[in-house]
Amino acid sequence: MLKLLTSGESHGPGLTAVLDGLPAGVKIEKKIIDAELARRQQGYGRGGRQKIEKDEVKILSGIRRGLSLGSPITLFVENKDYANWLDSMSAEVAAAPTPPVTKLRPGHADYAGVVKYGFDDLRNVLERSSARTTAAQVAAGSVCKQFLKNFPITITSQVLLVGGTKNRAADGALAAAARKRIDEARARGDSLGGVVELTVRGAPTGLGTYAQADRRLDGRLAGALMSLQAVKGVEIGLGFAAANLPGSQVQDEIFYRQGQVIRRTNNAGGIEGGISNGEDIIVRLAFKPIPTLMRPLRTIDWKTKRPDKALVERSDTCAIEAGAVIAENIAAFVLTDVFLEKFGGDSLAEIKSRWQKTSVRRRR
């Protein structure tokens, strides 16, 4: 079983990912991880934090001379902004502690977090619930992407909608209309969400299972992707549109041509009965607008219970392009996990041998 544990706070010293279960002998390049981290920081509508951070991974364990060892891989991404937060984020007891954060922010984990853990300082909640922590997930996901390309399985993304405006750019970037919507939102102190589509190409038939509900591939992808901050909906294939159509227009008819099972449509999005069926896996994600607004919403002060304006810290106007990159890497972890379940072994060579022997290793 592939396992991932992350740690770190938004303004702490840095973020750590421990990836356990990757086989030995996988070529892992630091520059590819750094490139993926850089992709996560880019995108139209990002805020001032990205001007401070220049994310770069430090590989602390599990890789020697460019190859995985089969032992836990530890990755560290430094928070350069930590230097500006030493008084607030020190692990030691401060002689002159900074005042607690008490203004609840609508749309964040603040209220639920302080009630759950009994805090009186919202910073204890917002530091770990921040999307800054996804840098660790991207670092680990990049390692998984490098594993998957051996078979070869690729994961790409595109932004379909920004704030209700269709993104018609052909090169994967945001079109002028989408950028205009972001500029307008920024000018009024507002924020925007959007829709992202992921495409997994090359996944063999047979990943996942219907035998147990918690091992279904669609459920595992949806659960993992819903854990990404701001994601409020996940659909596979036709998704919600299928609810408005008759079955004759939804199910993908099956044909046999020249020794191959083929389909002329892919409404199922590459997954049937919780198992990959050899077609492209298509997943779409709905991102809500970022809840931190430069024109703050009404709230209460948690300490006094009196009306107030929400806390405002640096934030993005729209992070949909970054969200797409993070989603790719979360999906890469899930795909690597299910791939290892089916073809697993202790080394890449052993796994390749098993993969090459099966008749379902390539898309049909």
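The values are calculated or read from the model by the stated rules, or taken from the named source; none is laboratory data. Treat the numbers as computed from the prediction; the structure is a model and nothing was measured. Here the Cβ positions follow ideal geometry from the backbone for every residue, glycine too, while neighbour counts run over all protein chains shown. Surface areas here come from the heavy atoms of the whole protein model, side chains and all, with no ligands, DNA or RNA. Shrake-Rupley method; radii C 1.70, N 1.55, O 1.52, S 1.80 Å.
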| request: Just give me the residues in the stretch 236-265 being part of a loop (DSSP other than H, G, I, E, B), surrounded by 11 or more Cβ atoms within 10 Å (Cβ to Cβ) and out of contact with any Leu (no Cβ under 9 Å at 6 or more places or on another chain), in sequence order. | output: GLY237, GLN251, ASP252, THR265
| query | Considering only the stretch 276-323, how many residues are crowded, with 19+ Cβ neighbours inside 10 Å, assigned to a strand (DSSP E or B) and among the aliphatic types (A, V, I, L, M)? | reply | 4
| message | Residues to consider are VAL77, VAL26, VAL101; find the one that is open to solvent by less than 80 Å² (accessible area, probe 1.4 Å), farther than 26 Å from GLY193 by Cβ, touching a residue at least 40 places away in the same chain (Cβ under 8 Å) and not in a helix (DSSP H, G or I). | response | VAL26
| said: If LEU37 meets every condition in (1) outside any helix (DSSP H, G or I); (2) touching an Asp or Glu at 6+ places or on another chain (Cβ under 7 Å) apart from one, which number is that one? | reply: (1)
| remark: Pairs returned, first residue in the stretch 2-13 that is more than 11 Å from ALA136 (Cα to Cα), second residue that is of a type in the set (Ser, Thr, Tyr) and open to solvent by less than 10 Å² (accessible area, probe 1.4 Å), beta-carbon separation under 8 angstrom, 6 or more apart or interchain, are LEU2/THR336
| request: Pull up the stretch 285-315, narrow it to residues that are small (Gly, Ala, Ser) and under 19 Å from GLY43 (Cα atoms), then point me to the one that is modelled with the lowest pLDDT. | output: SER315
| said: Looking only at residues that are free of Cβ contacts under 8 Å to residues at least 60 places away in the same chain and in a helix (DSSP H, G or I) in the stretch 40-74, which one is nearest to LYS145 (Cα to Cα)? | reply: GLN50
| request: Please indicate, with yes or no, whether at least one residue in the stretch 83-97 is in a helix (DSSP H, G or I), over 30 Å from ARG354 (Cβ atoms), of a type in the set (Asp, Glu) and within 25 Å of the chain's Cα centre (by Cα). | output: no
| said: Which residue is most open to solvent (accessible area, probe 1.4 Å), if the candidates are limited to the stretch 134-175 and must be under 25 Å from GLY202 (Cβ atoms) and in a strand (DSSP E or B)? | reply: GLN158
| request: Scan GLY233, GLY189, GLY219 and give me the residue that is surrounded by fewer than 18 Cβ atoms within 10 Å (Cβ to Cβ), touching a residue at least 24 places away in the same chain (Cβ under 8 Å), more than 26 Å from THR154 (Cα to Cα) and not polar (S, T, N, Q). | output: GLY189
| request: Go through the stretch 135-164 and count every residue that is closer than 15 Å to ILE290 by Cα and either touching a residue at least 60 places away in the same chain (Cβ under 8 Å) or within 14 Å of the chain's Cα centre (by Cα) (or both). | output: 2
| field | Qualifying positions in the stretch 104-119 - in contact with a helix residue (DSSP H, G or I) (Cβ under 6 Å, 6 or more places away or on another chain), closer than 17 Å to THR304 by Cβ and assigned to a loop (DSSP other than H, G, I, E, B) | value | LEU104
| request: State which residue is modelled with the lowest pLDDT when the search covers only the stretch 238-283 and only residues that are within 32 Å of the chain's Cα centre (by Cα) and of a type in the set (Val, Ile, Thr). | output: ILE262
| note | Per the list (1) buried (at least 18 other Cβ atoms within 10 Å of the Cβ); (2) part of a loop (DSSP other than H, G, I, E, B), residue check on LEU198 breaks on (2)
